[in-house]
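Participant: The structure's right below; bear with me while I get my questions together.
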Amino acid sequence: MMLEEPILSVKNLSKQFGDGCRRCSDPSTRDLIKNYCPSCGMVFACRDISLDLYPGEILGVVGESGSGKSSLMKCLYFDSDVTSGELYLQDEEFYGQNLWTLSAQKKRYIRNHKYGMVYQNPVHGLKMDFTSIGNIAEKLIAAGNRNVDNMKMVGEKLLDTVHIPLFRMKEEPRNFSGGMQQRVQIAKALSNNPPVLFLDEVTTGLDLSVQADVLDLIKRIQREFGISMIVVSHDLAVIRMLADRTIVMLNGEVIENGLTDQILEDPIHPYTQTLVYSLL
Amino acid sequence: MTMLEVHNFGKTFTNHQLQTTRQAVQNIQFRLEKGQFLGIVGKSGSGKSTILKSIYRTYLPDQGHIYFDSDRFGKVDLTKITERQMIYLRKHEIGYVSQFLNVMPRTTSRELVENAILEMGESESVAQSEAEKALAHFELDKKLWDMYPNTFSGGEKLRLNIAMATVKKPRLLLLDEPTASLDQQSKVKVKEVIEKLKNSGTTLVGIFHDIEFMENLCDQVYDMNKRKLEVS
Ligand SMILES: Nc1ncnc2c1ncn2[C@@H]1O[C@H](COP(=O)(O)OP(=O)(O)OP(=O)(O)O)[C@@H](O)[C@H]1O
Ligand SMILES: Nc1ncnc2c1ncn2[C@@H]1O[C@H](COP(=O)(O)OP(=O)(O)OP(=O)(O)O)[C@@H](O)[C@H]1O
Ligand SMILES: [Mg+2]
Ligand SMILES: [Mg+2]
Ligand SMILES: [Zn+2]
């Protein structure tokens, strides 16, 4: 049988907002409304999530608003701390180490060298008053690059990859359309050549033809660079197009996972059925 | 050598919204040797597509076993292997063709076929030449190679579909009524295509409404009503 090791492995991730009370800290007396405790207001954003991301694959994450998708991504990218759980990266330097227990400095190193992130809102991923190529240089510098000519070359190549014309590379992304901003964000995320890329609702709010461009770009990146990606979207069409495997989240929990076409054509969990059939 | 063996297979659908369960198929049993063509016949709703989709894991099988002789993994039970293994088999060993073309928007015919080859880890140059060969082999008009297939006719879409599924030279090819929406002339072409595949050693399982169409192609027929295999 095939022995394949995941590039990224999450074990029992929990993320809570709030301190909790006597009722909700004990799972047997817990009486939640969706993901929060009505007695003390604590939010269980992610509950006991385990998942594996394999080399070169795109893993889809779907679920309704508030189900915990962005919280999951933020924990993976060290944007927020976890309440408990383990995270492993298949990498010589960090082999066997729970990344969530590392120092802030090491986490920053992983972000700069091993990770790329594309946020739903380009404002979070780009400096709107830097030039496009400057945005890429910023990430290259963070990854230890010092050679200006080399950075210029890498930046131009990446912007070309995402189809930003050369003569607009010195423009600030705030002048760009939503789709162009997302493409600059993707170029920036790719600049340190990361083995792992996170994409949170990258196509939300874009019109359909621009959406198709961005989806096509993501597929091309997967094929050409072999990057492993986690793609979050509440749009099942996007997931169908991109992901080999998909997990479904509800109230902070993973309730179903499987091959993407199986999730869409033979959903097993009652919630997944509601999600899929409501769109048919 | 046995390529595929379906043993005591069954599938039940539970709909939680309507609170219904439906046993779509049960006790399905057949065996297929390498290079053979098995046709499945039966009336609408008898569960033909359910069998093919369960082999391909688009449906989650829930009773019985589906043994497949994999080049990579040896003899495996398709109802038990991991998702990652199934993805591997889909990319390399098992093809699925229906009358519907489900593809990335704004991707040309040529790119679609190339991508199927690239997925197997081949180089760009191999992908380019193999894609052209496949498109020519299945007689897709050259002027369509660099067009998006959303405007293609049913027959053109189908031949592209078959080209995409067969460039991987799958050991097993599943055909779910690929000819359903085609006129007579296109059907004849598809029949030729299937004959070519068979002659090249591909093992096939096919569903066709048109029994006449299947007649000279099939080595065996599985009749859903009689639940048994007949050798033709
Ligand atoms: N900083 C915070 N403080 C308190 N609660 C928070 C905080 N951030 C998120 N939450 C809560 O955590 C839960 C999960 O939110 P999250 O943003 O992960 O959802 P999501 O699945 O990404 O939703 P959407 O599809 O709307 O983006 C929600 O109930 C949200 O209100
Ligand atoms: N995804 C599904 N969810 C629920 N029920 C399903 C699903 N797919 C098939 N069924 C049910 O299973 C039974 C068999 O359907 P299937 O599509 O396999 O029949 P078929 O023999 O291929 O019919 P046809 O000749 O009309 O294509 C039908 O009763 C159908 O309603
Ligand atoms: Mg979100
Ligand atoms: Mg059918
Ligand atoms: Zn509480």
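Conditions (1) within 11 Å of ligand 1 (Cβ to nearest atom); (2) open to solvent by 10 Å² or more (accessible area, probe 1.4 Å), marked per residue:
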{"site": "A:41", "(1), (2)": "yes, yes"}
{"site": "A:52", "(1), (2)": "no, yes"}
{"site": "A:65", "(1), (2)": "yes, yes"}
{"site": "A:70", "(1), (2)": "yes, yes"}
{"site": "A:76", "(1), (2)": "no, no"}
{"site": "A:86", "(1), (2)": "no, yes"}
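Participant: Considering only residues that are within 14 Å of another protein chain (Cβ to nearest Cβ) and either within 22 Å of residue B:89 (Cβ to Cβ) or of a type in the set (A, V, I, L, M) (or both), which ones fall in the stretch B:11-32?
Facilitator: Matches in the stretch B:11-32: B:11, B:18, B:24, B:25.
Participant: Tell me, please, whether a residue that is open to solvent by 70 Å² or more (accessible area, probe 1.4 Å) and within 26 Å of residue A:16 (Cα to Cα) can be found in the stretch A:122-135.
Facilitator: Yes, some residue in the stretch A:122-135 is open to solvent by 70 Å² or more (accessible area, probe 1.4 Å) and within 26 Å of residue A:16 (Cα to Cα).
Participant: Across the stretch A:1-30, what is the total count of residues that are on the phi > 0 side of the Ramachandran plot and open to solvent by less than 40 Å² (accessible area, probe 1.4 Å)?
Facilitator: 1
Participant: Let me ask something additional. In the stretch A:38-61, what count of residues is obtained for those that are more than 13 Å from residue A:252 (Cα to Cα) and of a type outside the set (Ser, Thr, Tyr)?
Facilitator: Looking only at that region, the number is 12.
Participant: Right, residue A:66: under 30 Å from residue A:34 (Cβ atoms), in contact (Cβ under 8 Å) with a residue 24 or more places away in the chain, within 14 Å of another protein chain (Cβ to nearest Cβ) and within 16 Å of ligand 3 (Cβ to nearest atom) or not?
Facilitator: No: the conditions fail for residue A:66.
Participant: If the requirement is being within 25 Å of residue B:88 (Cβ to Cβ) and modelled with pLDDT under 90, which of these qualifies: B:166, B:179?
Facilitator: Exactly one residue qualifies, and that residue is B:166.
Participant: Only residues in the stretch B:40-51 that are more than 11 Å from residue B:227 (Cα to Cα) and touching a residue at least 12 places away in the same chain (Cβ under 8 Å) count as the first member; pair them with residues that are open to solvent by less than 20 Å² (accessible area, probe 1.4 Å) and of a type in the set (D, E, K, R), Cβ under 9 angstrom, at least 6 apart or cross-chain, and list the lot.
Facilitator: B:47/B:11; B:48/B:176; B:49/B:176; B:50/B:11; B:51/B:11
Participant: Right, something else. Hey, can you tell me all the residues within the stretch A:193-209 that are away from ligand 1 (no atom under 16 Å from the Cβ) and either aromatic (Phe, Trp, Tyr) or closer than 24 Å to residue A:71 by Cα (or both)?
Facilitator: A:194, A:195, A:196, A:197
The values are calculated or read from the model by the stated rules, or taken from the named source; none is laboratory data. Remember, it's a predicted structure, so these values are computed and weren't measured experimentally. Glycine also receives a Cβ, built like all others from the backbone with ideal geometry; neighbour counts cover every protein chain displayed. All accessible areas refer to the heavy atoms of the entire protein, side chains included, with ligands and DNA or RNA removed. Shrake-Rupley method; radii C 1.70, N 1.55, O 1.52, S 1.80 Å.
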